[in-house]
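Structure, as structure tokens:
The values are calculated or read from the model by the stated rules, or taken from the named source; none is laboratory data. Source: prediction; values computed, not measured. Cβ placement follows ideal geometry from the backbone for every residue including glycine, while neighbour counts extend to all protein chains displayed.
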């Protein structure tokens, strides 16, 4: 087992444990702090995949902005006297069934897709397909805004809309009545 594989498994185990803590902790502030760990471990996995730009964006946007926004929204709400700020929902069996159905659908779609990759390639073969003088940031810019190939402008704008909704939601939650 090489170092990259070992680091991947360390990051993956910590990520899964922290994700379970996000949904399982009773104190919502502790859940938000576990969310920071989830985002940081995801950035570590992106770094192992040589996606440095995505890792930095993960840290800056999700850890730096979204989690801080969630913590500000929590501070502005009146949860000071409550011991259990993240109560258990009574509909969790229905949620578990829905999760199993969605997971099964995703696995079915990936395994039966006509676009699935049939043969795997080595890292050297994948590296040979990318020009030597191109940078990750340059390639991402080409994918995002290139008029000749498929452009990811619409998903990029949808992500910015999600962030805008999070900000408006925090303002609405935090305003005085």
query: Out of curiosity, is residue 166 part of a helix (DSSP H, G or I), outside the structural domain of residue 31 (by TED's automatic domain parsing) and modelled with pLDDT of 75 or more?
result: yes
- request: Name every residue in region 113-122 that is modelled with pLDDT of 60 or more and either touching a helix residue (DSSP H, G or I) at 6+ places or on another chain (Cβ under 7 Å) or assigned by TED's automatic domain parsing to the domain that holds residue 49 (or both), in order of residue number.
  value: none
message: I need every pair where a residue in region 155-177 that is surrounded by 10 or more Cβ atoms within 10 Å (Cβ to Cβ) has its Cβ under 7 Å from the Cβ of a residue that is at pLDDT 85 or above, sequence separation at least 6 or different chains.
response: none
